[in-house]
Amino acid sequence: MEFSDKLKSLLKSSKNVVAICGAGISQESGVPTFRGKGGLWEKYRPEELANFDAFIKNPVLVWEWYNYRKKLISEVNPNPGHYALYEMENLFEKFFIITQNVDGLHHKAGNKNVIEIHGNIMHSKCIECDKIHYDVPIQEKVVSIPKCECGGMIRPNVVWFGELISENLLMDSYKLLKDCQLLFVIGTSGNVYPVASFPIIAKENDAYLVEINTEKTTISYMMDEILEGQAGVFLPKIVEIIKN
Ligand code: BV8
Ligand code: ZN
């Protein structure tokens, strides 16, 4: 039996549902994860790339890595896992996604209620005046560091290690996690804080926690139900149960 009776009844009765997503949900679209085999971190370590000091020390290397990812992401599409979450937004009374992913694929699938807690790789910002730039071209070979009108260097507008998550997004996330009856934790290794601590907030408020992952993770121990397998396989099945 794939899904417990408890989960089946919650799929029918829950009003507020939240899905926390990590790189695993985009893996079936062809976007490499961070820590898995073939993952982005295999060649580089996070400390070397996804932090401000690395950018100041070697902006060309950091921009090369982000341009490689931006180009790859601009050529991929949402997969059945993303589209199932789009259907959930229209099936549950209140459904929100809190995503660690910066690939924009939830919006591309049609979801509106999305908190991009680590930002969006397609957006950039000036390190001097904080101006957001949406039109920074993808340079296959980085010949120059993009510059703002004010002369400042432009960086990807994502949250790097050692940087604070925006207070507003954190407050919005805490509120959603406190109010939800059902929380899906999809395709995340549970390594990165503060998102790794989010499931505990929902659990403390009596939510039922369901992990969907191809492997056990550091946060599997706190789950009420574990669906071991691909997000793109399980999520459409869950939508079928909600609909019938
Ligand atoms: C902060 C954005 C205050 C840019 C990213 C010591 C202890 C605890 C915490 C810390 C510590 N030292 C430092 C910290 C804080 C640090 C942190 O958590 N470090 C970790 C590594 C220990 N966090 C921060 O710095 C955060 N800010 O805390 O500020 C502060 C400041 C200083 C010091 C202390 C506190 C900011 C974190 C944000 C970093 N930005 N990325 C970019 O993308 O380039 S992190 C990066 O990892 C991505 O955003 C990614 O989303 C995120 C999490 O990774 P996952 O999404 O989980 O991906 P992963 O590859 O790991 O796992 C994929 C999973 O999918 C696997 O489990 C796999 O099995 C599964 N899977 C694969 N295929 C499928 C699948 N599942 C289902 N279906 C499939 N088909
Ligand atoms: Zn500027």
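The values are calculated or read from the model by the stated rules, or taken from the named source; none is laboratory data. On a predicted model such as this, the values are computed, not experimentally measured, just so you know. Note: ideal-geometry Cβ built from the backbone for every residue, glycine included; neighbour counts use all protein chains shown.
Can you find even one residue in region 124-139 that is touching a helix residue (DSSP H, G or I) at 6+ places or on another chain (Cβ under 7 Å) and away from ligand 2 (no atom under 16 Å from the Cβ)? Spell out how you get there, then give the answer.
Within region 124-139, the first condition is being touching a helix residue (DSSP H, G or I) at 6+ places or on another chain (Cβ under 7 Å), and the residues that meet it are 138-139.
With away from ligand 2 (no atom under 16 Å from the Cβ) added as a condition, the list becomes 138-139.
Within region 124-139, one or more residues are touching a helix residue (DSSP H, G or I) at 6+ places or on another chain (Cβ under 7 Å) and away from ligand 2 (no atom under 16 Å from the Cβ).
Filter region 139-150 down to residues that are assigned to a loop (DSSP other than H, G, I, E, B) and either among the small types (Gly, Ala, Ser) or modelled with pLDDT of 95 or more (or both), then give me how many there are. Spell out how you get there, then give the answer.
So the first thing to find is which residues in region 139-150 are assigned to a loop (DSSP other than H, G, I, E, B), and the list is 139-146, 148-150.
Next, only the ones that are either among the small types (Gly, Ala, Ser) or modelled with pLDDT of 95 or more (or both) stay: 144-146, 148-150.
Residues flagged as assigned to a loop (DSSP other than H, G, I, E, B) and either among the small types (Gly, Ala, Ser) or modelled with pLDDT of 95 or more (or both) within region 139-150 amount to 6.
Counting only residues that are surrounded by 19 or more Cβ atoms within 10 Å (Cβ to Cβ) and assigned to a loop (DSSP other than H, G, I, E, B), how many does region 194-213 have?
Within region 194-213, residues that are surrounded by 19 or more Cβ atoms within 10 Å (Cβ to Cβ) and assigned to a loop (DSSP other than H, G, I, E, B) number 1.
Is it fair to say Ala202 is among the small types (Gly, Ala, Ser) and in contact with a Cys (Cβ under 9 Å, 6 or more places away or on another chain)?
Yes, satisfied.
I need the full set of residues from region 152-178 which are of a type outside the set (A, V, I, L, M, F, W, C) and either in a loop (DSSP other than H, G, I, E, B) or within 16 Å of ligand 2 (Cβ to nearest atom) (or both), in order please.
Kept after step one, since they are of a type outside the set (A, V, I, L, M, F, W, C), are these residues of region 152-178: 152, 155-157, 162-163, 166-168, 172-175, 178.
Gly152, Arg155, Pro156, Asn157, Gly162, Glu163, Ser166, listed by residue number.
Which one is farthest from ligand 1 (Cβ to nearest atom), of the residues in region 139-165 that are exposed (fewer than 15 other Cβ atoms within 10 Å of the Cβ) and among the small types (Gly, Ala, Ser)?
For region 139-165, the residue satisfying everything is Gly151.
Does any residue in region 123-136 that is more than 16 Å from ligand 1 (Cβ to nearest atom) come within less than 8 Å, Cβ to Cβ, of a residue that is of a type in the set (Val, Ile, Thr) six or more places away or on a different chain, and which pairs are these?
Close Cβ pairs satisfying both conditions: Cys126/Ile154; His133/Ile154.
Residue-by-condition table, conditions (1) in the same structural domain as Gly110 (by TED's automatic domain parsing); (2) away from ligand 2 (no atom under 16 Å from the Cβ); (3) in contact with a Pro (Cβ under 9 Å, 6 or more places away or on another chain); (4) within 24 Å of Pro156 (Cβ to Cβ):
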{"residue": "Leu10", "(1), (2), (3), (4)": "yes, yes, no, no"}
{"residue": "Ala19", "(1), (2), (3), (4)": "yes, yes, no, no"}
{"residue": "Gly36", "(1), (2), (3), (4)": "no, yes, no, yes"}
{"residue": "Asn51", "(1), (2), (3), (4)": "no, yes, no, yes"}
{"residue": "Pro59", "(1), (2), (3), (4)": "no, no, no, yes"}
{"residue": "Tyr68", "(1), (2), (3), (4)": "no, yes, no, yes"}
{"residue": "Tyr86", "(1), (2), (3), (4)": "yes, yes, yes, no"}
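Within region 37-46, does at least one residue satisfy the condition of being at pLDDT below 90 and over 27 Å from Pro199 (Cβ atoms)?
So far as region 37-46 goes, yes, one or more of its residues are at pLDDT below 90 and over 27 Å from Pro199 (Cβ atoms).
Criterion first (part of a helix (DSSP H, G or I) and at pLDDT 95 or above) does Lys216 satisfy it?
no
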